Amino acid sequence: MSAGEGRLGLRVRIAVAIAATCLVSIIVVVGYLRHALERQAVAQWGRERGQVAAALAAGFDRSIEEMTSDLRFVAGLPVMAELPDLERVDRGLNGIPADADSAKRRILDSLLEDERFSVLFVLQPNGDHYLSHPFAVQRLLRRFNLADRSYFQEAARTGRPTVSDAFVGADGVPAVAIDVPRLDDQGNLILHLGGVIHLPKLTEIFASTILPPFDMGMLVDRQGTVIAASGRGQTVESPDQALATAAKAFMDSAAAPGRAVVRNYFTPAGNEEVVASFVRLHTGWTVALARPRSSFVDEITSEVTRISAMVGALLLVVSSIGFAIAHHIAGRWEGAQRALAAAHGELETRVRERTADLDSSRRELSAKSRTLETILENISQGVSVYDDDLRLVACNRRFAELLRLPPEMTVPGTSLEDYLRLNARRGDYGPGDPEAQVAERMALARSFQPHRFQRQRTDGSALEVIGNPLPGGGFVATHTDITESKRAEEALRTLSRAVEQSPVSVVITDPRGNIDYVNPKFVQVCGYTLDEVRGLNPRLLKSGLTPDSVYAELWRTISAGGTWEGEMQNRRKSGELFWERASISPIRSPDGAILHFLAVKEDITARKAAEDALVTALQAAEDANRAKTVFLSHMSHELRTPLTAVLGYTEIMTSEMAGPMPPYHAEFIAAIGDSGRHLLSIIDEVLDISRIELGSYRISVAPCDLAAIARECAGMLRPQCIAKDIGLEMEMAESVPLVTDSRAVRQIVINLLGNAIKYTEAGGRISVRLDGDAGETRITVEDTGCGIPADKLSRIFEPFQRVDPLRADPARGVGLGLAICRRIAELLGGSVAIQSEPGRGTTVTVTLPEMS
């Protein structure tokens, strides 16, 4: 018994020990397990909800980006390219009236339909309101100019869309804004299109993104201002201060946009731990999503209890190995958990890297697509892509412009055959059957072989078409307008022919003066071929007879970029001397560097010889003319002396100082006197013209009255007018003062009046007018005489020129009057003009300036 009792006691002790060990083990293991499960659950929840928070933030980012894209699309519309009613802006209305620029208001109406924006506005480049929409909001605005807004300044400076931080709007409501500037082709600012989101509206948008795993969220701008808050009763005006403080601390950490960061914090009372996920948006704002730790620990309590009970039962079942098995299981379980966590972490890393790679590839593909679209829309060639069924896949704007296609022909899916038929019917392929032309070109297209050709269109323009097959089927075609290049080629060929066939020598040298090219005329003139002179300096033509200073001046001028012109005597290959007139100038590159020198040279040897002969002949003619003038002057003096005696004796006989004469002798004496006086006037004119040509006619300048001179001359010749029954009219002021030579003026007026009387028939009319302005006076003598033929007017001022020398009346003079008038007027600094019509009369105008 005692032995049995001992064994029993031992079993009991063992059982008790085992039971105690198991109990202790259960208590320890269950407690440890519960703590580990809660810790693991919190960590797992944080990681998973961090990813959820990042996804929610990305969704909110996309919402902002979509709103920005909507504004950018509207800003790019043609109606936004100008502010047509700028003159109707009224500060009292904070912009234009409601009925002004209705096109913009209709577009803004459609943009407000999805109710994401509270207000839309259009600002002028200087920040003044152009319009706000709806109009009811515009009238309630408290500010007219928004140039001091930081988002306005940022958008104006960068030319890119800008998202603002929180501010009190011009309508007095707290809000945020998106500003999209519209630029013209030169990059100049046209207007600002903006959308305002009132903070209550922003809170509605933000609240819609918060999913059940979080029970409160907050949106903070770059300045740390809460601009949206939702959950657990918080508002923008009264946010959760602990979450706001944690969000501001996160903002100071400079985390990367789009990446979630999980942090724990305690409430101000310190009695509750909160798990929060923070994500920085691409706008610079921060999203904070949070949930108290206790709220989701309570959710897993029942599960933790169930697991603990199962482990306790398992420990009781295996009480024979008790603590060891429990400890071993716990150790293996923890190892499994760590392996699972490591595998889960690795999987998360791979998923995150894969997601990042996909996002990067998507962004890169999108950027490349936009770049390709921009390039295609801005290149000068028309590009079209067709599939293997020869249907249009895509084309750029230039393709439609070059081919002058209607809009329906640029729609994807259009058959190439329809396009070819349109061209054929327009005559772009020349005369012929359009269907045959289409069939020929379709056969070429179906071969999918590279092709290149040019075609002339009916309007004279030329196109080059290049087609190349695509690897996956179909082909791409480019159309290039080569009209200007064809013209340039033709112009270049014309210029080349002009240089080759030029009647003057053309020489082109390098910047050091060595010959690169000479044309055939140079070879003909100088005797050297192009191969003989290429690479040599043009100095090989020097004869030694042209001064070195000429060559020095030539090189100095063209080296400075100027053009040198001059003459030089050179020597041909044969040794013969010849004269050249050369014009040498530099040929520059677009950046101004001298690339070549161009010399255009004319052989003037024959002209030089002719000039020498002409100079000799001219000198001889001048000597002969001077001798003639001197001879006429001497002869006039010699004739005047006996003629004066004849006239004197005629006057004595007329006055009957020697006694009375028979009446019939008086007529003879009168005829002698008239003829003598006529001859004397001719001699005086010859003497005047001789003095002028010899330079001995003296001008004496003094103040005089032209009206008095004109009346005096009219009075002298009025008896002749009365004798011929010619009316003489005077049109002038009482006094016309002028500083000039009165004697010369008197001679001009007498000559003009004398000519008018001579060539005006009885019953005619002569008028004398004086007028003037700006320091000069005009003397006009107009008659109703026989007039002067048009072919005589150009020579009428030459000495001894008369209207009709063969039929002229000798009593009318020898043709010196107008020549003397012009020369005297020129000596006075004036001029003489004449207008005449045969049978209707002549008008002579003398213009005289004020002389010093």
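The values are calculated or read from the model by the stated rules, or taken from the named source; none is laboratory data. Just so it is clear, the structure is predicted and the values come from calculations on it, not from any experiment. Virtual Cβ from ideal backbone geometry, glycine too; neighbours counted across all protein chains shown. What goes into the accessible areas is simple: the full protein's heavy atoms, side chains included, and nothing from ligands, DNA or RNA. Shrake-Rupley method; radii C 1.70, N 1.55, O 1.52, S 1.80 Å.
A quick yes/no check of all residues on (1) under 29 Å from Thr203 (Cα atoms); (2) open to solvent by 30 Å² or more (accessible area, probe 1.4 Å):
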position: Asp165; (1), (2): yes, no
position: Val168; (1), (2): yes, yes
position: Val180; (1), (2): yes, no
position: Asp185; (1), (2): no, yes
position: Leu193; (1), (2): yes, no
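Consider the range 705-752 and keep the residues that are open to solvent by less than 50 Å² (accessible area, probe 1.4 Å) and in contact with an Asp or Glu (Cβ under 7 Å, 6 or more places away or on another chain). The one that is farthest from Val844 (Cα to Cα) is Val739.
Filtering the range 195-223 to residues that are at pLDDT 80 or above, open to solvent by 10 Å² or more (accessible area, probe 1.4 Å) and over 28 Å from Leu131 (Cβ atoms) leaves Arg222, Gln223.
Being part of a loop (DSSP other than H, G, I, E, B) and open to solvent by 10 Å² or more (accessible area, probe 1.4 Å) holds for only one residue in Ala147, Ala136, and it is Ala147. Of all the numbered requirements in (1) aliphatic (A, V, I, L, M); (2) open to solvent by less than 50 Å² (accessible area, probe 1.4 Å); (3) free of Cβ contacts under 8 Å to residues at least 40 places away in the same chain, Leu492 misses one, and that requirement is (2).
Against the conditions (1) over 16 Å from Ile587 (Cα atoms); (2) not in a loop (DSSP other than H, G, I, E, B), Gly544 satisfies every one except (2).
Filtering Ala367, Ala394 for residues that are surrounded by 10 or more Cβ atoms within 10 Å (Cβ to Cβ), without any contact (Cβ under 8 Å) to a residue 24 or more places away in the chain, not polar (S, T, N, Q) and not in a helix (DSSP H, G or I) leaves a single hit, Ala394.
Output the residue which, of all residues in the range 266-285 that are closer than 27 Å to Ile64 by Cβ and part of a strand (DSSP E or B), is most open to solvent (accessible area, probe 1.4 Å).
First, the residues of the range 266-285 that are closer than 27 Å to Ile64 by Cβ: 274-285.
Subsequent filtering for residues that are part of a strand (DSSP E or B) retains 274-280.
On the way: Val274: 2, Val275: 3, Ala276: 1, Ser277: 2, Phe278: 1, Val279: 2, Arg280: 36 Å².
Only one residue tops the list, namely Arg280.
Residues in the range 224-234 that are of a type in the set (Val, Ile, Thr) and open to solvent by 10 Å² or more (accessible area, probe 1.4 Å) were compared, and the one that is nearest to Ala276 (Cα to Cα) is Val226.
For every residue, the table says whether it meets (1) touching a residue at least 60 places away in the same chain (Cβ under 8 Å); (2) open to solvent by 30 Å² or more (accessible area, probe 1.4 Å); (3) more than 30 Å from Arg259 (Cα to Cα).
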residue	(1), (2), (3)
Phe60	yes, no, no
Gly92	no, yes, yes
Ile107	no, yes, yes
His129	no, no, yes
Pro161	yes, yes, no
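With respect to (1) among the polar types (S, T, N, Q); (2) buried (at least 21 other Cβ atoms within 10 Å of the Cβ); (3) under 32 Å from the mean Cα position of the chain (by Cα), the lone exception for Ser118 is condition (3).
Please work out if Arg116 is at pLDDT below 85, more than 25 Å from Phe206 (Cβ to Cβ) and of a type in the set (Lys, Arg). No: the conditions fail for Arg116.
Apart from one condition, Ala790 fits all of (1) open to solvent by 70 Å² or more (accessible area, probe 1.4 Å); (2) touching a Gly at 6+ places or on another chain (Cβ under 8 Å); (3) modelled with pLDDT of 75 or more; the exception is (2).
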